[in-house]
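S.K.: Sharing a structure below in structure tokens format, with a few things to ask.
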């Protein structure tokens with residue numbers, strides 16, 4: 001069917017089409033929006049849907065927007081557009097979806113009225129510039145973090161996953177082993193139009209007015225600054241989870257040297273040198289990998305039994321204790337990659353000073369009582385770059401005061417306060433202390449004194 005163009009005669013009102021797209025359990029609804037059509041508006045008829053579904057007549061405006069009317073235009077509402085140049089211009093227009101289909105052979109689907117990459121910032125470097133190749137991959141132009149967009153569990157909005165396989169350490173605030181098992185996820189649901197800066201009766205914030213709408217500051221949110229805060233809906237910040245990396249791939253991870261301060265920086269009567277690693281040098285990211293055996297639970301139990309038998313043997317065999325220790329060590333190792341629970345600690349970059357970065361140093365493991373599965377929580381350090389040339393990678397540890405529960409920095413005063421059993425939220429890190437006990441974590445807090453000087457307190 002050839003398209004016909006019309007010119008609106010009396011002013012009229014149209015609507016943006018309402019669309020339901022069903023994807024397994026997920027449904028996305030594009031909300032209705034009324035559009036005023038003044039006299040002289042050009043409308044180009046669009047062909048009906050190929051799937052044969054009944055739908056109101058659709059038209060395209062000169063600016064590319066698609067509208068729908070309750071019924072087809074009548075002679076009283078519009079006249080046929082006959083200008084040949086105008087017809088060529090209207091029919092030559094190619095919407096983005098059609099251009100992508102013809103150029104790359106891909107169907108383009110809008111997952112939400114608010115395009116995700118106009119709203120979010122990169123969680124690793126804070127950047128707002130993103131690139132794609134034929135819509136097959138999306139990455140941050142700053143640190144090369146990669147992104148994937150998917151549906152929510154049924155609510156209008158979107159979910160964004162961020163992975164770190166090709167992370168560039170020089171451009172990020174976070175040093176994490178490059179791997180496929182760890183990821184960050186944020187959720188945006190039930191939002192309006194955060195780019196509409198008009199104050200309406202729907203604005204719910206006290207600091208939003210007709211003179212100045214409330215805007216996002218880009219600090220405590222995964223979204224960029226300058227958006228209308230009343231149009232955001234429900235925003236769930238980046239959640240860190242996945243599986244602990246287990247295989248050190250040398251073609252992907254170059255050697256980094258991690259330098260710990262001398263023990264003399266601490267009070268030797270309070271800080272265990274072995275615990276603080278004072279003056280030690282470590283190879284990173286090797287510390288952030290966990291060895292696994294691939295054994296079944298039955299295999300591990302058999303090794304534990306064998307170790308117990310060796311230890312109970314009274315015969316004089318110099319290799320007995322060594323063999324028992326080896327068996328016990330293997331039996332205690334995870335059989336597969338430990339799971340990092342959703343919403344694990346993710347320290348906010350706003351707490352970093354100039355030149356500082358967060359480094360994922362190691363993992364604390366715990367075997368769950370119910371199913372025996374091993375879970376892990378990350379231990380973060382604060383480091384600065386001491387690299388002298390481009391061929392070496394050296395990081396000086398300047399802080400070991402990041403809480404494993406909430407990811408916030410801690411001070412000596414935080415530990416000196418007694419926990420209120422009935423109102424733990426009234427105590428700094430009150431809810432986190434249970435996790436400290438579960439995983440046997442003892443914060444050293446050097447570089448985190450209340451007056452800016454290094455602290456000498458250890459965990460209570």
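The values are calculated or read from the model by the stated rules, or taken from the named source; none is laboratory data. Given the structure is predicted, the values throughout are model-derived calculations rather than measurements. Here Cβ is always computed from backbone atoms with ideal geometry, including for glycine, and neighbour counts include all displayed protein chains.
S.K.: Please verify whether residue 143 is assigned to a loop (DSSP other than H, G, I, E, B) and either in contact with a helix residue (DSSP H, G or I) (Cβ under 9 Å, 6 or more places away or on another chain) or closer than 19 Å to residue 220 by Cα (or both), treating the condition exactly as stated.
M.R.: Values: assigned to a loop (DSSP other than H, G, I, E, B): yes; either in contact with a helix residue (DSSP H, G or I) (Cβ under 9 Å, 6 or more places away or on another chain) or closer than 19 Å to residue 220 by Cα (or both): yes.
Yes, satisfied.
S.K.: So, in the range 52-66, of the ones that are more than 17 Å from residue 9 (Cα to Cα) and over 34 Å from the mean Cα position of the chain (by Cα), which residue ends up surrounded by the most Cβ atoms within 10 Å (Cβ to Cβ)?
M.R.: Residues of the range 52-66 that are more than 17 Å from residue 9 (Cα to Cα), as a first pass: 52-58, 63-66.
Right, trim to over 34 Å from the mean Cα position of the chain (by Cα) and you get 52-58, 63.
Values: 52: 7, 53: 7, 54: 6, 55: 13, 56: 14, 57: 15, 58: 18, 63: 7.
It comes out as 58.
S.K.: Scan 188, 117, 158 and give me the residue that is surrounded by 13 or more Cβ atoms within 10 Å (Cβ to Cβ), in a helix (DSSP H, G or I) and in contact with a strand residue (DSSP E or B) (Cβ under 6 Å, 6 or more places away or on another chain).
M.R.: Details: 188 fails: in a helix (DSSP H, G or I); 158 fails: in a helix (DSSP H, G or I).
None of the others qualify; the one that does is 117.
S.K.: Right, here's the next one. Where the second residue is assigned to a helix (DSSP H, G or I) and surrounded by 19 or more Cβ atoms within 10 Å (Cβ to Cβ) and the first is in contact (Cβ under 8 Å) with a residue 24 or more places away in the chain and lies in the range 109-120, which pairs have Cβ atoms under 9 Å and are six or more apart or on separate chains?
M.R.: From residues that are in contact (Cβ under 8 Å) with a residue 24 or more places away in the chain, the pairs are 114/231.
S.K.: Name the one entry in 84, 95 that is modelled with pLDDT under 80 and farther than 30 Å from residue 173 by Cα.
M.R.: Being modelled with pLDDT under 80 and farther than 30 Å from residue 173 by Cα holds for just one of 84, 95, which is 95.
S.K.: Still on this structure, please answer the following. Cβ-Cβ below 7 Å, separation at least six or inter-chain, first residue in the range 346-375 and outside the structural domain of residue 178 (by TED's automatic domain parsing) and at positive phi, second surrounded by fewer than 19 Cβ atoms within 10 Å (Cβ to Cβ) and modelled with pLDDT under 85: which pairs?
M.R.: So the pair list comes out as 372/297.
S.K.: Where residues in the range 37-51 are loosely packed, with under 13 Cβ neighbours inside 10 Å and either touching a helix residue (DSSP H, G or I) at 6+ places or on another chain (Cβ under 9 Å) or farther than 23 Å from residue 82 by Cα (or both), which of them is modelled with the highest pLDDT? Even if it seems obvious, please write down each step before you answer.
M.R.: First, the residues of the range 37-51 that are loosely packed, with under 13 Cβ neighbours inside 10 Å: 38-40, 47, 49-51.
Filter once more, so that each one left must be either touching a helix residue (DSSP H, G or I) at 6+ places or on another chain (Cβ under 9 Å) or farther than 23 Å from residue 82 by Cα (or both): 49-51.
Details: 49: 60, 50: 57, 51: 52.
Going through the qualifying residues, I end up with 49.
S.K.: Which condition number does residue 212 fail, the rest of (1) crowded, with 20+ Cβ neighbours inside 10 Å; (2) over 30 Å from residue 339 (Cα atoms) being met?
M.R.: So residue 212 meets the others, but not (1).
S.K.: Starting from residues that are in contact with a helix residue (DSSP H, G or I) (Cβ under 9 Å, 6 or more places away or on another chain) and over 19 Å from residue 407 (Cβ atoms), keep the ones in the range 224-245 and report whichever is surrounded by the most Cβ atoms within 10 Å (Cβ to Cβ).
M.R.: Per the criteria, the residue is 227.
S.K.: A further question follows. Across the range 74-100, which residue is farthest from residue 63 (Cα to Cα) among those that are outside any helix (DSSP H, G or I) and touching a residue at least 60 places away in the same chain (Cβ under 8 Å)?
M.R.: This residue is 76.
S.K.: Would you please list the contacts, defined by Cβ atoms under 7 Å and residues six or more apart or on different chains, that run from a residue in the range 317-330 that is at pLDDT 70 or above to a residue that is surrounded by 13 or more Cβ atoms within 10 Å (Cβ to Cβ) and assigned to a helix (DSSP H, G or I)?
M.R.: Going by the 7 Å Cβ cut-off, the qualifying pairs are 320/310; 323/310; 324/307; 324/310; 324/311.
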